[in-house]
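These notes are about the structure you will find just below.
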Amino acid sequence: MIENVAVVAKDIAAVIGCASTVITLAVTTIKPLRKHIADIIREVSKTDVQQGQLDNLKDKMQEVLDLMNMHVEEDKTFKSEISESMKDLKDGSAISLGNIIKEIYNAHKTDKQIPEKEMEIVDKAYLIYHDRLHANGVIERIYLEITNGIESGSWITIID
């Protein structure tokens, strides 16, 4: 019986030795494996977070691009409206300047004597009318008649 107890004790010791060997092997093998798996999971999670951030950034950039496109279209419309208004103002200014020159001409065409100050007004009005507004026509002929007349002596500039 003691022999049996000794055999059983030996068997128990062998089982405990095997168990401790298995546990030691498992602990030494599984810990690096567990760490490696944890690192892979962490990288995948990090990539998912980065992808989410990139998607979020992409969405925000698209919003900014859409806003910029909307403003560009609004700017084109605004510029078009301003351009039309400027053309109307230019045309109106040309008409007004032409009327000033015509009124002075009509007031003095009979006697062909133009006061010096009115001639200065005609010169300044014509400069803007012709050079800046690029208008021509009847007003140009009137201006040339007055200035050529002054040069040739058929028109006289009088001092006020």
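With respect to H71, determine if the residue is loosely packed, with under 12 Cβ neighbours inside 10 Å and at positive phi. Quick ask: steps written out before the conclusion?
Values: loosely packed, with under 12 Cβ neighbours inside 10 Å: yes; at positive phi: no.
Here the answer is no, as H71 does not meet what is asked.
Among the residues in the range 80-103, are any in a helix (DSSP H, G or I), more than 46 Å from the chain's Cα centre (by Cα) and not small (G, A, S)?
Yes - at least one qualifying residue is present in the range 80-103.
Go over the candidates K102, K109, K87 one by one and state the one that is out of contact with any helix residue (DSSP H, G or I) (no Cβ under 7 Å at 6 or more places or on another chain) and surrounded by 11 or more Cβ atoms within 10 Å (Cβ to Cβ).
K109
Residues in the range 127-149 that are over 40 Å from the mean Cα position of the chain (by Cα) and at pLDDT 90 or above: how many?
Kept after step one, since they are over 40 Å from the mean Cα position of the chain (by Cα), are these residues of the range 127-149: 137-149.
Okay, now just the ones that are also at pLDDT 90 or above, so 138-149.
Matching residues across the range 127-149 total 12.
Quick check on my filter: what residues within the range 96-107 are under 14 Å from I142 (Cβ atoms) and free of Cβ contacts under 8 Å to residues at least 40 places away in the same chain?
Result: N99, I100, E103, I104, N106, A107.
Suppose the filter is at pLDDT below 75 and more than 19 Å from the chain's Cα centre (by Cα); does A19 pass it?
yes
Test of understanding: among H134, H130, which residue is under 19 Å from G92 (Cα atoms) and in contact with an Asp or Glu (Cβ under 7 Å, 6 or more places away or on another chain)?
H130
Considering the range 67-108 alone, what residues qualify as being among the basic types (K, R) and closer than 27 Å to W155 by Cα?
Correct list: K102 only.
The values are calculated or read from the model by the stated rules, or taken from the named source; none is laboratory data. Model, not experiment: these values are computed from the prediction. Ideal geometry is used to build each Cβ from the backbone, glycine not excepted, and the neighbour counts take in all protein chains shown.
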